[in-house]
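A.B. asks: The structure's right below; bear with me while I get my questions together.
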Amino acid sequence: MAANVETMMYVREKPWHGLGTRVEEAPTSADALRLAGLDWTVDRHDVHLPTGAVIPNYKANVRSSDGAVLGLCLTNTRSFRTWTPLLLPTP
């Protein structure tokens, strides 16, 4: 079975697929995102035809770290980071 993992981190015990960055102690939320390779943002870019014309009402969601296109969306949608709650202060 494929792991379907691009980047990740784990604490002490290696996962079954053997992928990821190992750490000995649980990191802070911000460090965990960095160690897992998730410290990137989603940028929105215009979508162009081969002629150079912009396709109206559509944007490409692009990962800031490597320029990978994650998908297309309508311009009236709003994107958000699903891991934002991880960045809240921890007690």
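Each value in this text was obtained by applying a stated rule to the coordinates, not by laboratory testing. Bear in mind the structure is a predicted one, so any value in this text is a computation, not a measurement. Cβ atoms come from the backbone with ideal geometry, glycine included; neighbour counts cover every protein chain shown.
A.B. asks: How long is the gain from Trp16 to Val54 if the chain were fully straight, where each residue apart is worth 0.36 nm and the alpha carbon distance is subtracted?
C.D. replies: Separation in residues times 0.36 nm, less the Cα-Cα distance, equals 9.2 nm.
A.B. asks: Another question about this same structure. If you rank Asp43, Asp66 by fewest surrounding Cβ atoms within 10 Å, what's the result?
C.D. replies: Asp66, Asp43
A.B. asks: Which order do Tyr58, Tyr10 fall in if you start with the one that has the fewest other Cβ atoms within 10 Å?
C.D. replies: Neighbour counts put them in this order, fewest first: Tyr58, Tyr10.
A.B. asks: Can you work out the Karplus-derived ³J(HN,Hα) for every residue in the range 58-63? Use 6.51 cos²θ - 1.76 cosθ + 1.60 with θ = phi - 60°, whole Hz, and x for glycine or proline.
C.D. replies: Per residue, the Karplus-derived 3J(HN,Hα) values read 10, 10, 9, 8, 10, 6 Hz.
A.B. asks: Just subtract the alpha-carbon distance of Met8 and Asn61 from 0.36 nm times their residue separation and send over the number in nm, one decimal.
C.D. replies: Separation in residues times 0.36 nm, less the Cα-Cα distance, equals 17.0 nm.
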